[in-house]
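All remarks here apply to the structure that follows.
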Amino acid sequence: MQWSTITLPLFFLSHLSDAFVVQIPSKPFTVHLSSNNHIASTSRLNANTKGSDNAIEEKPSFTSFFTNISNIFPSNNNNNKIESEEERLMRLKREELEKLELNEQERTIQVQKDKLPYLFLFALQFLPLIGTDRILSVLYFWGVAVSTVYVGGRQITLDEERVTKENAFGAPIGASISIGVLYLLIKNGLDPTALYAIAVSLFGALAISDVGVPILRNIFPENFATKKIKVPENVSNSLKLGTDELPLDGLVTLALGLSCTALYWAPLVMEQKFLVSNFIAWALAMTSLGVISLGSFQTGAILLAGLFFYDIFWVFGTDVMMTVATKIEAPVKFLYTAPSPPPGAEPRAYPFSVLGLGDVVIPGLFVRFMGKMDQVLQPQKFSYFNASTIGYAAGLSLCFVVNEITQAGQPALLYLDPACVGSALACGAVNGQLSEVWNFEEEIVEVDDEMKGN
């Protein structure tokens, strides 16, 4: 299935609006004033007390008077200084950087826990050096897809964009419009490849910069994560960084991402650089899995059901899907060099076998959401995340089997979506939580107003 390899960045692109909210906390204070009635009452109490001859009548003093005055008019010392708007923004920026660093530490720990799948992903990149046999390409695609869904579903993230039911219902329509426009442009002799590929590869550079930090922190010595690079004060102020230092690891991964983008655009044939394209596509998949949340089980089911029918129609009913997937070259799909045709046969129109990025991201979002369900429902028998991961692996295997038998391109979501949703519902039935699964909805965490205004 190739549709979402083209439309994914367009479909999930959203804008965040920030509002400045300035809050000046006011602290209530209690004022105690002496009065004649209070003094008279004290005198009567002392007079009626046994041994009143020795009693000392309590009278107001100048000390208490000035103490009361100071309570009404507190001194304007440094502790009560009101920070300026610029100071507030700088403070919030520092707090945000501290929060990001804590998040990076958690991500680094999670990558360490999942080091075997990451090593497996790395080892798979050597398969193209072994050969182009069909079995090797299937192993490559299956291994990359399943491993990415697994580690992408377990990665630690800071913020997520929530998909609503309205978004889910509209996804097939929006995707159809996008792929239809690209198809019409191609058929009319207009090639949108360059513009589309530039945008995607730049997003890919940022994605590599993001996912690369926790990985490199597990490879390089500890000081790699703590070392800072001094930034000139004028640069810091102009960019409103809130600090005069930048982390070395972030700068290194950003340089790595930009280098990959530059290599992708190097004047080389794709057969010589398709692994670079795959790396950019993988980073985009990991980032997408980390920043998008389905919000509820029903939203996920609606999204996968709509794209299930969408995929079937555009693959089996038209040539739109295959045309767009093979004519538009951009790092939004996984490639593997196809075997050479038999002697005497016509050369292949497209020299690669392809697995669309959407075949990883769309069901991967559902699998990741099952991990959140595990945390809340605490199943006693089977993990929803593990069940849906196994369901994804089984569905992809079935897709490759049918593809091998029919020797025709298959809409992968035809197999993946029922496998993921079905495995989750079956797991819910076994755990005795079927109703809880169907009605499960992620809790919305309110963002602090002050942080929102940053």
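Derivation of every value follows stated rules applied to the coordinates shown; laboratory data play no part. Quick caveat, the model's predicted, so the values are computed rather than measured. Cβ: placed from backbone, ideal geometry, glycine included. Neighbour counts: every protein chain shown.
Looking at this model, which pairs from Lys113/Lys333; Lys273/Lys333; Lys273/Lys327; Lys165/Lys372 are more than 20 angstrom apart at the alpha-carbon? Result: Lys113/Lys333 exceed 20 Å. Specify the inter-centroid distance of segment 176-209 and segment 353-427, based on alpha-carbon positions, in whole Å. Cα centroid to Cα centroid, the span is 27 Å.
Protection proxy ranking for 145-154, 226-235, using the average of other Cβ atoms within 10 Å per residue and placing the highest first: 145-154, 226-235. A viscosity of 1.567 mPa s and a temperature of 4 °C, combined with the Kirkwood radius over C-alpha pairs in the Stokes-Einstein formula, give segment 260-373 a diffusion coefficient of 80 µm²/s.
Note on Tyr350, Tyr264: ascending count of other Cβ atoms within 10 Å places them as Tyr350, Tyr264, the fewest first. Judged by the mean number of other Cβ atoms found within 10 Å, the most tightly packed of the peptides 109-117, 333-341 leads the ranking 333-341, 109-117. Under the simplified labelling scheme, the Ser435-Asp244 pair shows an inter-label distance of 6.3 nm, with each label point 7 Å from Cα along Cα→Cβ. If R0 is 25 Å, what FRET efficiency do you get for Ile156 and Lys228 from their C-beta distance, rounded to 0.05? It comes out at approximately 0.65. Considering the options Gly364, Thr326, Ala349, tell which one lies farthest towards the positive end of the dipole of segment 326-454, charges being +1 on Lys and Arg and -1 on Asp and Glu at the Cβ, about the Cα centre. So the residue we want is Ala349. A simple packing score, the average count of other Cβ atoms within 10 Å per residue, orders the peptides 363-375, 397-409 as 363-375, 397-409, with the highest score first. Largest first and in whole Å, the equivalent-ellipsoid semi-axes of segment 104-156 read 26, 11, 6, each the square root of five times a Cα gyration tensor eigenvalue.
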